[in-house]
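Here the structure is laid out as structure tokens; the discussion comes afterwards.
The values are calculated or read from the model by the stated rules, or taken from the named source; none is laboratory data. Everything numeric in this text was worked out from a predicted model, so none of it was measured. Here the Cβ positions follow ideal geometry from the backbone for every residue, glycine too, while neighbour counts run over all protein chains shown. Side chains included, ligands, DNA and RNA excluded: accessible areas come from the protein's heavy atoms. Shrake-Rupley method; radii C 1.70, N 1.55, O 1.52, S 1.80 Å.
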Amino acid sequence: HQADAQRTDLMTITRFVLNEQSKHPEARGDLTILLSHIVLGCKFVCSAVNKAGLAKLIGLAGETNVQGEEQKKLDVLSNDVFVKALSSSGRTNVLVSEELEEAIFVEASHRGKYCVVFDPLDGSSNIDCGVSIGTIFGIFLLDHDNAGSNDDVLKPGSEMVAAGYCMYGSSCTLVFSTGSGVNGFTLDPSLGEFILTHPDIKIPKKGKIYSVNEGNAKNWDEPTRLYVENAKFPKDDSSPKSLRYIGSMVADVHRTLLYGGIFMYPADKKSPFGKLRVLYEVFPMSYLVEQAGGQAFTGKERALDLVPKHLHERSPIFLGSYDDVEEIKKLYSATIA
Ligand code: P6P
């Protein structure tokens, strides 16, 4: 009977977000409406990614599919979907996408009070081999309702009011936070609804996994080298950590949130600012990890304290279990001191 009750008492993402809104009586529901448009975009991309393998959607723009239609590359298609969903919501003013060199400034008739920074399909180089990929987004609240500018998003990640990702893998999982904890929802394709499956995600205080591209080891700086060395050959008699690296940030961060451990994309001689982008990769993932009780560090400072100067600026990132990141912070401060 209890199971039956649970089955019929569906906590959909829509219901969850409305519950959250009801905790803020002054809210007019703009963030609720914005999030519902992001959810719509995720459902569309989930469907397109799942069909890709069958309908030969994969591959470069300009190729034709079995119907002989010209196909957009999945990340171009995903970008178009999110730009349209976000600008038509009437709740956004500035949009920054990994796919677009310049920001989009929504015209006055559809202008809202939020800025959204997003990577519509992160890890898209992994599509052809079936590795999980994802959409990553972050939301800033504007303090004016005039025409937007880049300055509206070149601010510290700590000013984000919400962030999340949607992972397109064996199932479609949307994980997000509006500042009071992290919750995960799984798409039930038979209902077309995201259902709460991971309530109040808390990252383990310490993990047994380190996640980094060991292929860059030749170029690492000393603190990263020492940290990885100790993970593999612990000085005390503890057991070595396991290495898990998928090479798709959404998948690596999702695993880190659920299982604990540390995810790293350090700076190295080849890329002095690392590879991952501040606004729509580092900030949203750092926001989520902190909301789940972990921490995120750049090698110099708390990741959310960074103030980017350019839209597509990169930063090194070490994020995950509180104690694991604490270890890398000690190694870096030893070199700065
Ligand atoms: P590397 C995917 O291309 C991506 O942008 C992130 O999703 C991922 O974490 C990283 O790059 C992987 O980079 O250099 O290890 O292949």
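Is it true that residue 333 is part of a helix (DSSP H, G or I), open to solvent by less than 20 Å² (accessible area, probe 1.4 Å) and of a type in the set (Gly, Ala, Ser)? Step through it out loud before you land on a result.
On the way: part of a helix (DSSP H, G or I): yes; open to solvent by less than 20 Å² (accessible area, probe 1.4 Å): no; of a type in the set (Gly, Ala, Ser): yes.
No, not satisfied.
With the requirement that a residue be open to solvent by 90 Å² or more (accessible area, probe 1.4 Å) and at pLDDT 60 or above, what does region 38-62 give you? Write out each step before concluding.
Restricting attention to region 38-62, the residues satisfying the condition of being open to solvent by 90 Å² or more (accessible area, probe 1.4 Å) are 40, 44, 50-51, 54, 56, 60.
Scanning region 38-62 gives 40, 44, 50, 51, 54.
Inspect region 259-269 for any residue being surrounded by fewer than 17 Cβ atoms within 10 Å (Cβ to Cβ) and at pLDDT below 95 and give the result as yes or no.
Yes: region 259-269 contains one or more residues that are surrounded by fewer than 17 Cβ atoms within 10 Å (Cβ to Cβ) and at pLDDT below 95.
Yes or no, residue by residue, for (1) open to solvent by less than 10 Å² (accessible area, probe 1.4 Å); (2) not small (Gly, Ala, Ser):
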{"position": "100", "(1), (2)": "no, yes"}
{"position": "106", "(1), (2)": "yes, yes"}
{"position": "118", "(1), (2)": "yes, yes"}
{"position": "121", "(1), (2)": "yes, yes"}
{"position": "134", "(1), (2)": "yes, no"}
{"position": "137", "(1), (2)": "yes, yes"}
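Is it the case, given these coordinates, that residue 177 is without any contact (Cβ under 8 Å) to a residue 40 or more places away in the chain and closer than 23 Å to residue 121 by Cβ? Let's see the steps before the verdict.
On the way: without any contact (Cβ under 8 Å) to a residue 40 or more places away in the chain: no; closer than 23 Å to residue 121 by Cβ: yes.
It is false that residue 177 is without any contact (Cβ under 8 Å) to a residue 40 or more places away in the chain and closer than 23 Å to residue 121 by Cβ.
Six or more apart or on different chains, Cβ atoms under 6 Å: show the pairs whose first residue is in region 85-102 and within 16 Å of residue 152 (Cα to Cα) and whose second is among the β-branched types (Val, Ile, Thr) and open to solvent by 10 Å² or more (accessible area, probe 1.4 Å).
Filtered contacts from region 85-102: 91/33; 95/104.
Going by the structure shown, is residue 112 more than 16 Å from the ligand (Cβ to nearest atom) and not in a strand (DSSP E or B)?
On the way: more than 16 Å from the ligand (Cβ to nearest atom): yes; not in a strand (DSSP E or B): no.
Spelling it out, it is not the case that residue 112 is more than 16 Å from the ligand (Cβ to nearest atom) and not in a strand (DSSP E or B).
Across region 174-210, which residue is farthest from residue 38 (Cα to Cα) among those that are open to solvent by 20 Å² or more (accessible area, probe 1.4 Å) and among the aliphatic types (A, V, I, L, M)?
In this case the residue turns out to be 209.
Which condition does residue 167 not pass, out of (1) modelled with pLDDT of 95 or more; (2) surrounded by fewer than 22 Cβ atoms within 10 Å (Cβ to Cβ), if it passes all the others?
Unmet condition: (2).
Between residues in region 134-155 that are assigned to a loop (DSSP other than H, G, I, E, B) and residues that are acidic (Asp, Glu), which pairs lie under 6 Å by C-beta distance while being six or more apart or on different chains?
142/152
In region 81-109, which residues are farther than 20 Å from residue 163 by Cα and part of a helix (DSSP H, G or I)?
108, 109, listed by residue number.
Which pairs have Cβ atoms under 7 Å, sit 6 or more apart or on different chains, and link a residue in region 229-247 that is within 16 Å of the ligand (Cβ to nearest atom) to one that is aromatic (Phe, Trp, Tyr)?
Note: pairs meeting the criteria are 243/210.
Could you grab me the full set of residues in region 253-278 that are more than 12 Å from the ligand (Cβ to nearest atom) and either touching a Ser or Thr at 6+ places or on another chain (Cβ under 7 Å) or part of a loop (DSSP other than H, G, I, E, B) (or both)?
Passing the criteria: 260, 261, 262, 267, 269, 272, 273, 278.
For region 210-258, how many residues are of a type in the set (Phe, Trp, Tyr) and at pLDDT below 95? First the steps, then the outcome.
At the first step, the residues of region 210-258 found to be of a type in the set (Phe, Trp, Tyr) are 210, 220, 227, 233, 245.
Now narrow it down to the ones that are at pLDDT below 95: none.
Of the residues in region 210-258, 0 are of a type in the set (Phe, Trp, Tyr) and at pLDDT below 95.
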